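**Student:** Questions regarding the structure given below will be posed in turn.
What follows draws every value from the coordinates through simple rules; no lab data is involved. Note that this is a predicted model, so its numbers are computed, not measured. Every residue, glycine among them, receives a Cβ derived from its backbone with ideal geometry; neighbour counts consider all protein chains shown.
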Amino acid sequence: MTFPFSSGTKSPRPPLSGFARHMIGPGLLVVVALLAACTVRMAPAYDPAIANGLNSANRTMQTFFAGLSGTTTKPADFAKRQGAYADIIGALKAVSLQIEIHQSLTPPPDLKTVNAMLGKIGVPNLATGSGVPGASAVSHVVNTLETMEKTDRKHGLSAMEIAAFDGQATIYMSQAITYETFLKR
Amino acid sequence: MELQELDPTALAKDIIGAATGALGKDVSTIEGFAQSQVAAIAHQASLVAKGIADGSIGQDLREYFLDNLKQMATSFANTLIGLVEVAIEKLINAIVGAIWDAIGKAAGIALPL
């Protein structure tokens, strides 16, 4: 069962016996009523298809960067790389769409309720992130690859520029994979 | 189900055990991620600075890479918050589970989580 942070519904709970009421006392009955059972959900559910999709796109991307490492490119031979760009960007956009669909089916958590509960016992509020990390990081990877492709097509890339695109894409990809994998709980 | 009187001391121990178990692995994972990201972002900043200084990063990409250094720091913080949220979720559920289990045993009922 899940608590207000999700759309879970409560299942009927058997009433306490008279003996139990006597034994555990009214204090615990209040606790029972307050907790009303339930697991909380503060983040999206894990989706193995998303995690696998990200890992697969990452393998393709890392292979591509490894092939370019230490080299320079020229617009004249851009056609040789065009297919690789399309494969990586296409795979990432597909994962991005999967994340979007997954989020629409499991809406973002509501931290307001948790923060209200924490506030009552003097615990500072949890900050809310801007957007869901996985989706946001994947969109940055896509943007990195698209910018790299555009520049490559226009006037080629220096070895340093390739290294900078590689570093940038890998950092964002690492954020997305870590978050999506961490959702497995 | 055999009824057991709820022992607050035992419950407190159970809660601490549940909380420690839930947090232990997550703290290591989050710490490892944070360290590796900070090192990677620092390396990227150094790479971009060198590329701009020696001209090996073209004029049209300089602002783009600099802007992305800020973006990746924000994205890193955003990811970190997301990981902490998941860890807190697991912590709350582990604590509620321990309380629930104790109450269930005392009340003689199986309380659904």
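**Student:** Check the straight Cα-Cα distances from B:LYS90 and name the aspartates and glutamates below 18 Å, setting aside those fewer than 8 residues away within the same chain.
**Tutor:** Answer for B:LYS90, where 18 Å is the Cα cut-off: A:ASP47, A:ASP110, A:GLU180, B:ASP14, B:ASP26, B:GLU31, B:ASP101, listed by chain and number.
**Student:** May I ask you to compute the full-extension gain from A:SER104 to A:LYS184, defined as 0.36 nm times their residue separation minus their alpha-carbon distance, rounded to one decimal in nm?
**Tutor:** Contour length minus Cα-Cα distance gives 27.0 nm.
**Student:** Amide H of A:LEU157 versus every other amide H placed in the peptide plane: which residues, excluding those fewer than 5 positions away on the same chain, fall under 5 Å?
**Tutor:** Excluding prolines and chain starts, which carry no amide H, the hits are A:THR73, A:LYS74.
**Student:** Treating only the Cβ of Lys, Arg, Asp and Glu as charged (+1, +1, -1, -1), what charge dipole size does chain B show about its Cα centre? Round to the nearest 20 debye.
**Tutor:** Dipole of chain B, to the nearest 20 debye: 260 debye.
**Student:** Continuing with the same structure: Which one, B:GLY108, B:SER75, B:GLN35, projects farthest toward the positive side of the charge dipole computed for the stretch B:32-113 from Cβ point charges (K/R +1, D/E -1)?
**Tutor:** Of the listed residues, the answer is B:GLY108.
**Student:** Can you pull the one-decimal nm distance between simple spin-label points at B:GLU63 and A:LYS120, each 7 Å off the Cα toward Cβ?
**Tutor:** 5.2
**Student:** Can you give the helix-only mean residue ellipticity at 222 nm for chain B, where every DSSP H stretch with n ≥ 4 adds -39500 (n - 2.57) and the sum goes over all residues, rounded to the nearest 500 deg cm²/dmol?
**Tutor:** Rounded to the nearest 500, the figure is -32000 deg cm²/dmol.
**Student:** Right, next: Please list, ordered by chain and number, the residues whose modelled amide H lies under 5 Å from the amide H of B:SER56; skip anything fewer than 5 residues away on the same chain.
**Tutor:** Amide H neighbours of B:SER56, under 5 Å, 5+ apart: none.
**Student:** Could you compute the FRET efficiency for A:SER56 and B:THR74, with r as their C-beta to C-beta distance and R0 at 22 Å, rounded to 0.05?
**Tutor:** Values: r = 27 Å, r/R0 = 1.21.
Calculated transfer efficiency: 0.25.
**Student:** Efficiency by 1/(1 + (r/R0)^6): what FRET value for B:SER56 and A:ALA86, r their Cβ-Cβ distance, R0 = 35 Å, to the nearest 0.05?
**Tutor:** Efficiency computed from Cβ-Cβ geometry: 0.85.
**Student:** Please enumerate, by chain and number, the lysines with C-alpha under 30 Å from the C-alpha of A:LYS74, excluding those fewer than 8 residues away in the same chain.
**Tutor:** Straight-line reach from A:LYS74, under 30 Å: A:LYS93, A:LYS150, A:LYS154, B:LYS50, B:LYS70.
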